[in-house]
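Everything on this sheet refers to the single structure shown next.
The values are calculated or read from the model by the stated rules, or taken from the named source; none is laboratory data. Every value quoted in this text rests on a predicted model; they were computed, and no experiment measured them. Positions of Cβ are generated from backbone atoms using ideal geometry, with glycine treated the same way; all protein chains shown enter the neighbour counts. These area figures cover heavy atoms from the full protein model, side chains too; ligands, DNA and RNA do not enter into them. Shrake-Rupley method; radii C 1.70, N 1.55, O 1.52, S 1.80 Å.
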Amino acid sequence: MDETARLEVDGKTYELPIVTGTENERAVDISNLRGETGLITLDPAYKNTGSCRSAITFIDGDEGILRHRGYAIEDLADKTSFLEVAFLLINGELPSADQLEWWRQSIRYHTMLHEDLKRLFGAFPKDAHPMAVSSSVIAALSTFYPRDLDPHEPIEVANSVLRLIAKFPTVVAYAYKHSLGQPFLYPDNSLRYVHNFLRLMFGTPCEPFEVDPVVADAIDTLLVLHADHEQNCSTSTVRLVGSSHVNIFGAISAAINALWGSRHGGANQEVIEMLEAIANEGLTARQFVDRAKDRDDTSRLMGFGHRVYRNYDPRAKVIKKKAEDVLNKLGVTSKLLEIAMELEQIALDDDYFVSRRLFPNVDFYSGVIYKALGIPVNSFTVMFAMGRLPGWIAHWVELHKDRQAIGRPRQIYVGPQARPVPPLDQR
Ligand code: CMC
């Protein structure tokens, strides 16, 4: 027999179905609640609300588990490349060798930006944040492909998906090049995805560019680790915005802005700024941790805590190890990595963090590694966006496949009751 929950209101009992997922997560299905009882549920910040059924990503926050389509993130980070994971998220299965070749080829074919679109970069100030530039350029891409914008036409969607994945690295690199006043390179489609990106970012037309395989490999792993994280703020943004049936470029542009905030992807930039401030101000790690605990101080220990994980973020474990490996291979020492490790140790032994179950999240070590790889600090968050792009796309595709209705939460109104507008001289 199907399980139900019982709700008693005003002496009447209502049976509410219980839905169970493949990993035995359970939810009370309230989709008919308002129709049957006149009640809505109130859950600010959606701490207890499941907004959809999804077959893309599973997280067990207590155990520190993250899986995409059933595959553990540690396994994917070890054995697959970013484009394989992108294919997995969007299409449901890992690609075969032939499919992977087709996927890489198809993405390569779309790496260039329209010459007119390139002029848009010049309209931004030199110090424009790359998240602002990329969200604008991604929204603008829609205007160049007006015949491929229907969310219900599979061929049009497939074309837009390839364009988004192919052009995003070009957009990120051009935002950086504009900030330096350097010329934009054309993509080199003989190169692999990350190699092409690194050349676009750091190459110049004057001399050949050698990609360091250690750097390329580390960036690829970072992209894999960021590729999806179920219904986080930016992905929920994609679903909410996408549910209005806007084209995919509009939904992804909105997600980039959601990711930009310091409580979300923007934390990776803030972590490095925090570590640099500690180093530059001569603070000890203990002094900073004390500040982060002080309610009268607005500082938080950036890169710590997570809405879902009440355990070590599995991505942070992989990144911490990778950061140590990469620094060793590149033969550099990092004062910032030392400070980060000291902060972590102090926080993990401190009752404030222990009692709130605050652990390092994906952003805690990613900035240290990006910095060692030469990525400019204000591009850290846009690197996160490049990684998260396939996840956003996968959720946009799933939303439409499931024919989900337009997202439209309700509210409990707490403002004034009906009253007449007083004449101007009586206000
Ligand atoms: N430093 C100090 N105190 C913290 C921190 C922190 N990093 N994170 C949470 N707390 C405290 C918070 O003050 C609150 O204490 P109290 O119960 O005394 O009021 C308690 O822990 C619960 O915090 P919350 O803000 O209600 O928890 P949340 O689940 O709403 O927030 C979070 C999760 C990630 C926004 C938060 O932990 C945070 O602001 N962390 C720092 C920013 C960060 O690293 N963000 C990246 C998240 S992972 C990648 C991503 O999603 O983009």
Condition met for Ser54 (more than 16 Å from the ligand (Cβ to nearest atom), surrounded by fewer than 12 Cβ atoms within 10 Å (Cβ to Cβ) and modelled with pLDDT of 95 or more): no
Counted residues, region 148-176 - those being within 22 Å of the chain's Cα centre (by Cα), among the aliphatic types (A, V, I, L, M) and farther than 24 Å from Phe202 by Cβ: 4
Checking Leu76 against (1) open to solvent by less than 70 Å² (accessible area, probe 1.4 Å); (2) assigned to a loop (DSSP other than H, G, I, E, B); (3) farther than 27 Å from Ser243 by Cβ, the condition it does not meet: (2)
Residue that is of a type outside the set (Phe, Trp, Tyr), under 26 Å from the mean Cα position of the chain (by Cα), at negative phi and open to solvent by 60 Å² or more (accessible area, probe 1.4 Å), where the choices are Arg104, Arg26, Arg69, Arg34: Arg26
Any hit, region 261-278, residues being over 22 Å from Leu66 (Cα atoms) and modelled with pLDDT of 95 or more: yes
Filtered residues of region 274-309 (kept if open to solvent by 80 Å² or more (accessible area, probe 1.4 Å) and not polar (S, T, N, Q)): Glu281, Arg286, Arg291, Arg295, Asp296, Arg300, Arg307
Matching residues, region 387-422, being free of Cβ contacts under 8 Å to residues at least 12 places away in the same chain and either basic (Lys, Arg) or open to solvent by less than 30 Å² (accessible area, probe 1.4 Å) (or both): Lys401, Arg403, Arg408, Arg419
In region 346-365, residue nearest to the ligand (Cβ to nearest atom) [restricted to those that are more than 17 Å from Tyr309 (Cα to Cα) and touching a helix residue (DSSP H, G or I) at 6+ places or on another chain (Cβ under 8 Å)]: Asp350
Flag if Gly266 is out of contact with any Gly (no Cβ under 6 Å at 6 or more places or on another chain) and away from the ligand (no atom under 16 Å from the Cβ): no
Flag if Phe384 is buried (at least 24 other Cβ atoms within 10 Å of the Cβ) and out of contact with any Cys (no Cβ under 8 Å at 6 or more places or on another chain): yes
Sole residue being more than 26 Å from Pro376 (Cβ to Cβ), more than 9 Å from the ligand (Cβ to nearest atom) and open to solvent by less than 30 Å² (accessible area, probe 1.4 Å), chosen from Ala255, Ala251: Ala251
Residues within region 117-151 that are surrounded by 15 or more Cβ atoms within 10 Å (Cβ to Cβ) and over 18 Å from Val382 (Cβ atoms), tallied: 5
Neighbours by Cβ (under 8 Å, 6+ apart or cross-chain): first from region 1-23, free of Cβ contacts under 8 Å to residues at least 60 places away in the same chain; second assigned to a loop (DSSP other than H, G, I, E, B) and surrounded by 13 or more Cβ atoms within 10 Å (Cβ to Cβ): Val9/Leu39; Leu16/Asp29; Leu16/Ile30; Pro17/Asp29; Ile18/Asp29; Val19/Asp29
Qualifying residue in region 302-315 (condition: outside any helix (DSSP H, G or I), under 24 Å from the mean Cα position of the chain (by Cα) and within 23 Å of His129 (Cβ to Cβ)): yes
Wholly within region 324-424, helices (runs of 4 or more DSSP H) carrying at least 2 residues that are β-branched (Val, Ile, Thr): 335-348, 362-373, 380-401
Residue tally, condition of a type in the set (D, E, K, R) and within 26 Å of Pro154 (Cα to Cα), over region 392-427: 5
Unmet requirement for Val308, which otherwise passes all of (1) touching a helix residue (DSSP H, G or I) at 6+ places or on another chain (Cβ under 7 Å); (2) near the ligand (Cβ under 9 Å from one of its atoms); (3) among the aliphatic types (A, V, I, L, M): (1)
Residue identified as of a type in the set (Lys, Arg), modelled with pLDDT under 90 and more than 30 Å from Ser142 (Cα to Cα) among Lys335, Lys317: Lys335
